[in-house]
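What follows is a single structure, written as structure tokens, with notes after it.
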Amino acid sequence: MSYRETQRARQEQRAADERRMKRMFWIGLIVPAIACTIAALAIGPDSWLGWAAVIAVAPAASTGVAVVLIVQDRRRER
């Protein structure tokens, strides 16, 4: 492979990785929020458990994003 072909392949791989990272980030953010919302609606807003599910949305979403980022870092090491 020539230098230009190698550089082009690296650039394409970087672009593909960046698209995948963005998608995984949004999935890690949205899925926990949806799960907590569904739990809150299923439990009902009248109970303290329902409000606990509503309050848990932010920590659950941030945990999901952190897990996604950790998985991405481990993939890079390989």
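Here, each number is a calculation from the coordinates, and none is a lab measurement. On a predicted model such as this, the values are computed, not experimentally measured, just so you know. Ideal geometry is used to build each Cβ from the backbone, glycine not excepted, and the neighbour counts take in all protein chains shown.
Peptides 31-40, 65-74 ranked from most to least packed give 31-40, 65-74, packing being the mean of other C-beta atoms within 10 angstrom over each peptide's residues. Evaluated with a Cβ-only charge set (Lys, Arg +1; Asp, Glu -1), the chain carries a dipole of roughly 560 debye about its Cα centre, given to the nearest 20. Karplus-based coupling profile of region 21-27, in residue order and whole Hz: 5, 4, 5, 5, 4, 5, 5, with θ = phi - 60° in 6.51 cos²θ - 1.76 cosθ + 1.60 and x standing for Gly or Pro. Scan (1) 18, 31, 22, 15, 8, 4, 1; (2) 21, 56, 20, 3; (3) 16, 37, 23, 12, 7, 4, 1 for the value of P(r) over Cα pairs in 10 Å bins from 0, in percent calculated from this model and give just the label. Matching the structure shown: (1).
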